[in-house]
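Contents: one structure, followed by commentary.
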């Protein structure tokens, strides 16, 4: 195994898809790329409004987001034709990748877990407490500028208005204020990314495996994977497997008598009795795109993911055998939360020298190095944006005794999430213990102490900001921004151009996301939008449940859950222990990030099987074929990932609409795990 890891490190050092870039873009080419990116964001918003918000069929899902992937694929296929017949219109590789960067940060704003998750937290208490329900009394704790107060506008948001018109006069004030808060998070994250990128990208040379897709699709090198015929054959083989897998599933939806593999297999039916009941949560998710991209993930991480997942299940079985029946045991996500906190602190410790030197140079007024400009602005941005976010909370009445630990935990989660993307590149969104930043604060302090420290007003505001804990707005922004910095550096896109492209993509994407969601909700009603049946769009249900739990806790504060605190402490200590062992034992096969990937989603983790299969295939190839065979095998796994993204995420959703609405809904994969 040690020799395999040495071979793999050599492979990563010579990663084939990080190829020499074209010449730097001119200002004109950058302007064209940015204009095209903004136009595509607007078109995407229109498409989401007509599809996702009506039918509930996700077109913005995936890691990377499907629209960004589709754009790169389309432009890359179109480029040879344009170069031959309309060379002035042919985009460069750097232009395509800049458009890709813009789409990644804008698509997720319109997608499932950003604006769509944020809006219902402003209105849920007022709507569900409108007839004297228990939530109505708590809505008064929201400041007047915080959320719309007009009850008709709130009811129409959930039930639809008579003419489908959005009451923008009611919304413009709160949205303007919240846009400043969201922009502060976006810019604060960008500042943090720019402060860590020197260490992670230039010094540690993290491999960014997820970028294999856009870089390979935009590459014009012809000899990096061996002979042309072998490369083509392997790519077609991988694509063909994706075609067979999806083809059988699609045929099964049209003709049920045809057998198909499906896209997941729950194992619960095989373990009905104690002590094996913890294995009922085990589900095999095939996720071909994860197998394909997993080939580029370091072996020690893919191995650790499936190893720690089953170690956790065996630990749960041992607890069951011992008669320990505490609900939720072994508190898998609490373990991940503790691990995230430990990993975040370890990353800060590893960055201490870089950040200290950076700060020293930025404070040295005599240093006239022009390259220090962006670095100085990064420090200013981080300080100002952090102060603004905390000031926003203070102005709303949220006690700093609760806000400070909450945002510290979120900040550590952002750092770890970005590191996971840079070092592992796994194509999963929920690779963090969702909801745990808030719950960790409350369980550590206790609900009673939190109420004593901040009062009912702070507790209500805590729940109004729970979408930052339950969903992953700052974490995803950090991950895609870091991807963007890496792509910009590899393709000679200036930092100024990158920043301009990102800030414009964010501004247009946020405005478009507001329009997409509010126009849909006032037309269809939030209770019916997104394919709903009257019970509410899923993110609105999450907000309602959050406030109902809040009301219950205020009425009868629960005691601290000692087992959950122990699990959080256990995860914290285990990550520290793993890190110490890895430092002392070169070649130790277990990686802390693998533990986080195995536990972050809980007992029904999606990553263990596809990453485990990728580990097995890659380990065998490296063992019996070495580095040369590993590199030659890349087209197969790229074909597998690209084929699955294309067939299940692009071709079938479009083609099925030509058949029937029922066909479109019958086979619907949600990418991103």
Contact order normalised by length for the chain, with contacts defined as Cα pairs under 8 Å and 6 or more residues apart; what percent is it?
32
Pairwise FRET efficiency - residue 670 versus residue 74, Cβ, R0 = 30 Å, nearest 0.05
0.85
Rounded, prolate or oblate: which fits the stretch 128-236 when a ≥ b ≥ c are the square roots of the eigenvalues of the alpha-carbon gyration tensor, with rounded for a/c under 1.5 and prolate only if a/b beats b/c?
prolate
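With a Förster radius of 51 Å, plug the Cβ-Cβ distance of residue 628 and residue 456 into 1/(1 + (r/R0)^6) and report the FRET value to the nearest 0.05.
On the way: r = 66 Å, r/R0 = 1.30.
The computed FRET efficiency comes out at 0.15.
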Taking a ≥ b ≥ c as the square roots of the eigenvalues of the Cα gyration tensor, with a/c under 1.5 meaning rounded and otherwise prolate when a/b exceeds b/c and oblate if not, the stretch 28-176 is prolate
With R₀ set to 30 angstrom, the calculated FRET efficiency between the beta-carbons of residue 311 and residue 258, to the nearest 0.05, is 0.20
Would you mind calculating the gained length between residue 519 and residue 318 on full extension (0.36 nm times residue separation, minus the Cα-Cα distance), in nm to one decimal?
67.1 nm
Cα Rg, Dmax, the stretch 548-631, angstrom units
19.8, 65
Residues listed by number, the stretch 26-46, amide nitrogen under 17 Å from residue 492 label point at 7 Å toward C-beta:
26-31
Between residue 566 and residue 348, what is the label-point separation in nm under the 7 Å Cα-to-beta-carbon projection?
2.8
Could you tell me, in Å, what Rg and Dmax come out for the Cα atoms of the chain?
24.8, 77
Rotationally averaged projected area of the stretch 209-338 (alpha carbon convex hull; nm²):
12.1
A correct fewest-to-most ranking of 60, 424 by other Cβ atoms within 10 Å would be 60, 424
In nm, give the distance between the simple-model label positions of residue 220 and residue 583, each being 7 Å from the Cα along the Cα-to-Cβ direction.
4.8
Multiply the residue gap between residue 228 and residue 444 by 0.36 nm, knock off their C-alpha separation, and tell me the result in nm, one decimal place.
71.9 nm
Expected unfolding gain across residue 50-residue 84 under the 0.36 nm per residue rule, minus the alpha-carbon gap, is 8.7 nm
Once the stretch 270-425 is represented by equal point scatterers at the alpha-carbon sites, with solvent omitted, what log10 I(q)/I(0) does the Debye formula produce at q = 0.10, 0.15, 0.18 Å⁻¹?
-0.63, -1.05, -1.20
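Just so you know, all these numbers are worked out from the coordinates, no wet-lab data involved. Owing to the predicted nature of the structure, the values given are computational and were not obtained by experimental measurement. No Cβ is skipped: glycine too gets one built from the backbone with ideal geometry, and neighbour counts run over all protein chains shown.
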